[in-house]
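> The structure under discussion is supplied below as structure tokens; questions concerning it will follow.
The values are calculated or read from the model by the stated rules, or taken from the named source; none is laboratory data. Remember, it's a predicted structure, so these values are computed and weren't measured experimentally. Neighbour counts run over all protein chains shown; Cβ positions are idealised from the backbone, glycine included. Surface accessibility is based on the protein's heavy atoms, side chains included, excluding ligands, DNA and RNA. Shrake-Rupley method; radii C 1.70, N 1.55, O 1.52, S 1.80 Å.
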Amino acid sequence: MPYRLAELDISIRHQRTLHEAELVHSARKAGVRAPRLYYIDAPRTTLVMEYVEGQRLKEFVSSAPEEEAGKLFRALGRDVARLHSAGITHGDLTTANVIIRDSELVFIDFGLSNHSSRLEDHAVDLRLIKETLVGAHPSISSMALERLFEGYSREAGAKRTKAVTRQLKSIERRGRYARLS
Amino acid sequence: MKQYVLGVESTAHTFSVSVVSTEGEILSNAKSVYKAAAGSGIHPFEASQSHLKAAGKVLGEAVEESGIALHQLEAVCYSMGPGLGPCLRVGAVVARTLASTLDKPLVPVNHAVGHIELGCLLTGAKDPVVLLVSGGHTMVIAYSGGRWRVLGETLDLTLGQLLDQFGRHSGLSSPCGAAIETAASNSSIYHRLPYSVKGNDVSFSGLLTAAKNMTDSGESFESVSFSIQETAFAMVVEVTERALAFTGKHEVLVVGGVAANAKLSDMMTKMAARHSASVSLTPIVYSGDCGAQIAWTGLLAHSRGVQVPVREASVRQSWRLDSVDIPWRN
């Protein structure tokens with residue numbers, strides 16, 4: 001039983017299903033690995049996709065040696081920058097939505113994705129990764145963030161990275177009771 | 001041997017004093033709540049004056065009802081922050097005075113951590129995903145590696161602010177949650193409002209503007225109240241669901257003033273059932289701000305040697321809960 005009002009629930013699921021179908025395809029075109037889409041059943045808000053065999057980044061990094069984890073976060077930064085350069089925001093970038101297949105990253109769960117080239121939207125994407133790393137992977141978060149931004153910068157360029165980092169800080173400052181310089 | 005501590009809460013509209021024991025008994029929880037004028041919010045200075053006037057009486061009641069003499073206390077605890085400066089200072093003055101007069105340790109407590117730890121005590125929740133919803137906070141939180149970590153939060157208004165600002169726009173006075181809940185229960189007309197979930201975060205500012213515009217253009221207060229609850233609560237339940245799935249935990253705990261809302265708990269229960277997770281709701285008496293949350297958390301902190309010299313016992317208006325070490329959960 002949905003917890004949302006039926007009318008609201010249907011409209012949200014419908015919208016997200018269509019977004020996911022469209023954006024998972026756009027992501028692949030942008031050179032980022034994502035599952036192949038086989039079939040869309042819009043009335044039933046159902047997508048049939050390729051099954052991605054592998055371990056989620058979330059579990060992988062909790063056991064991986066630091067150097068290997070660092071490489072993956074650099075690759076994560078590069079791929080996120082590729083999405084952003086193609087005008088795509090993922091919208092749900094947690095370590096549970098990235099699968100490691102043959103030592104490469106595969107992005108899943110594009111339900112909250114959008115077409116956007118706005119700095120703010122790109123920064124929101126990065127903020128979620130940061131929130132997840134600090135909240136759920138506190139012991140490696142500072143290393144992971146450093147690698148992530150290295151990878152991002154190499155792909156998107158120093159100028160864009162600086163701008164998006166500044167925007168990220170400004171979003172964090174809006175947080176409740178935040179004390180940031 | 002059973003020990004006792006006293007806790008003083010004064011972050012916002014509530015001044016409250018409580019005595020609790022090491023066995024988790026709440027022996028007293030006296031309070032005085034400042035009520036703002038209709039249509040307006042908490043005026044920090046006026047609230048602090050209200051707290052000053054009430055402090056002696058509330059303290060006397062809390063001590064008398066507990067049956068514990070002041071010299072039997074192990075420590076004095078106070079809400080150091082986050083909150084409104086003038087209000088926090090009243091509680092700090094009372095606590096510093098007691099601690100130095102009685103020559104007892106003074107224990108600083110983070111108000112938000114207080115909500116969570118008291119919720120755990122009262123419901124028996126062990127390792128929950130916590131939704132903290134009040135006038136000051138809207139956060140999804142879970143414990144990991146020595147701290148309560150924020151997994152998602154509002155990017156602008158809190159849920160309590162959304163309800164209060166909408167209510168005040170219609171002439172109510174803060175806190176407006178209960179009046180909105182009642183009004184909502186008298187309608188089932190749903191108006192579409194902006195539903196803004198960004199990953200694990202939520203945003204309410206567009207929703208507030210749209211809701212105000214709706215009542216201004218003649219939609220009934222009841223139907224807009226219904227629509228706000230359906231939309232905003234679905235958003236916070238969704239981000240709680242995301243955190244539950246992400247962390248793989250099996251308990252949800254709802255704390256803070258908005259935890260008193262039956263519609264929210266109903267939606268949370270439906271969500272949790274799909275994940276075979278349990279939902280713990282803080283009893284209404286203790287869901288809002290109270291001394292017990294400070295006393296109990298202070299007791300836990302005191303057991304691990306947390307204290308602050310009276311001279312350095314200031315207040316911190318901005319003090320995020322994810323910056324507080326939680327040694328008692330290791």
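> Report, by residue number, each residue of the stretch B:211-227 that is over 26 Å from the mean Cα position of the chain (by Cα) and within 14 Å of another protein chain (Cβ to nearest Cβ).
B:SER223 - this is the single residue of the stretch B:211-227 that is over 26 Å from the mean Cα position of the chain (by Cα) and within 14 Å of another protein chain (Cβ to nearest Cβ).
> Another question, then. Checking A:SER139 against (1) in a loop (DSSP other than H, G, I, E, B); (2) open to solvent by less than 60 Å² (accessible area, probe 1.4 Å), which single condition isn't satisfied?
(2)
> With the checklist (1) touching a His at 6+ places or on another chain (Cβ under 9 Å); (2) at pLDDT 95 or above in hand, flag the one item A:ALA42 doesn't pass.
Only one criterion in (1) touching a His at 6+ places or on another chain (Cβ under 9 Å); (2) at pLDDT 95 or above is unmet by A:ALA42, namely (2).
> So, in the stretch B:197-224, exactly how many residues are under 30 Å from A:ASP92 (Cα atoms) and either in contact with an Asp or Glu (Cβ under 7 Å, 6 or more places away or on another chain) or surrounded by 18 or more Cβ atoms within 10 Å (Cβ to Cβ) (or both)?
Final tally of qualifying residues: 13.
> Then there is this: If you go through the stretch B:127-138, how many residues are surrounded by fewer than 24 Cβ atoms within 10 Å (Cβ to Cβ) and at pLDDT 95 or above? Working first, answer last.
Let us first name the residues in the stretch B:127-138 that are surrounded by fewer than 24 Cβ atoms within 10 Å (Cβ to Cβ), namely B:127, B:136.
After this cut, where a residue has to be at pLDDT 95 or above as well, the list is B:127.
Adding up the residues that qualify gives 1.
> Turning to a different aspect of this structure: Given the conditions (1) open to solvent by less than 70 Å² (accessible area, probe 1.4 Å); (2) more than 11 Å from chain B (Cβ to nearest Cβ), report the number of the one that A:ARG127 does not fulfil.
A:ARG127 satisfies all of (1) open to solvent by less than 70 Å² (accessible area, probe 1.4 Å); (2) more than 11 Å from chain B (Cβ to nearest Cβ) except (2).
> I've got another one for you. Of the numbered conditions (1) open to solvent by 10 Å² or more (accessible area, probe 1.4 Å); (2) hydrophobic (A, V, I, L, M, F, W, C); (3) under 25 Å from B:THR123 (Cβ atoms), B:LEU84 satisfies every one except a single condition; which is it?
With respect to (1) open to solvent by 10 Å² or more (accessible area, probe 1.4 Å); (2) hydrophobic (A, V, I, L, M, F, W, C); (3) under 25 Å from B:THR123 (Cβ atoms), B:LEU84 is out only on (3).
> Against the condition at pLDDT below 95, over 18 Å from B:VAL315 (Cβ atoms), away from every other protein chain (no Cβ under 14 Å) and not in a strand (DSSP E or B), how does B:ALA62 come out, does it pass?
no
> Just to check your reading of the model, which residue among A:THR161, A:THR165 is more than 14 Å from chain B (Cβ to nearest Cβ), closer than 12 Å to A:VAL80 by Cβ and open to solvent by less than 60 Å² (accessible area, probe 1.4 Å)?
Exactly one residue qualifies, and that residue is A:THR161.
> Restricting the search to the stretch A:1-42, which residues are within 14 Å of chain B (Cβ to nearest Cβ) and of a type in the set (S, T, N, Q)?
Correct list: A:SER11, A:GLN15.
> For the stretch B:240-330, list the helices (runs of 4 or more DSSP H) that sit wholly inside it and hold at least 1 residues that are free of Cβ contacts under 8 Å to residues at least 24 places away in the same chain; which are they? Break it down into steps so the answer makes sense when it comes.
Details: elements: B:262-274, B:284-287, B:291-303.
Output list reads B:262-274.
> If we only count helices (runs of 4 or more DSSP H) wholly inside the stretch A:1-96, which ones have 3 or more residues that are open to solvent by 80 Å² or more (accessible area, probe 1.4 Å)?
A:6-29, A:66-85
> Could you tell me how many of the residues in the stretch B:261-278 are among the hydrophobic types (A, V, I, L, M, F, W, C), open to solvent by 40 Å² or more (accessible area, probe 1.4 Å) and more than 10 Å from every other protein chain (Cβ to nearest Cβ)?
1
> Would you call B:TYR143 within 14 Å of B:LEU6 (Cβ to Cβ), modelled with pLDDT of 95 or more and aromatic (Phe, Trp, Tyr)?
no
> Going through B:GLY81, B:GLY145, B:GLY152 one at a time, which residue ends up being touching a residue at least 60 places away in the same chain (Cβ under 8 Å), assigned by TED's automatic domain parsing to the domain that holds B:GLY177 and not aliphatic (A, V, I, L, M)? Before you say what the answer is, go through the steps one by one.
Details: B:GLY81 fails: assigned by TED's automatic domain parsing to the domain that holds B:GLY177; B:GLY145 fails: touching a residue at least 60 places away in the same chain (Cβ under 8 Å).
When all the criteria are applied, what remains is B:GLY152.
> Ok, one more. Look at the stretch B:245-260 and say how many of its residues are out of contact with any Pro (no Cβ under 8 Å at 6 or more places or on another chain) and surrounded by 24 or more Cβ atoms within 10 Å (Cβ to Cβ).
Going through the stretch B:245-260 one residue at a time, the tally reaches 5.
> Something else about it: Looking only at the stretch A:60-98, how many residues end up being among the charged types (D, E, K, R) and under 16 Å from the mean Cα position of the chain (by Cα)? Before you say what the answer is, go through the steps one by one.
Keep residues of the stretch A:60-98 that are among the charged types (D, E, K, R), which gives A:66-68, A:71, A:74, A:78-79, A:82, A:92.
Filter again for under 16 Å from the mean Cα position of the chain (by Cα), leaving A:74, A:78-79, A:82, A:92.
Summing the residues that are among the charged types (D, E, K, R) and under 16 Å from the mean Cα position of the chain (by Cα) in the stretch A:60-98 gives 5.
> Within the stretch B:284-320, track down each residue that is touching a Gly at 6+ places or on another chain (Cβ under 6 Å), open to solvent by less than 50 Å² (accessible area, probe 1.4 Å) and within 14 Å of chain A (Cβ to nearest Cβ).
Passing the criteria: B:VAL315, B:TRP319.
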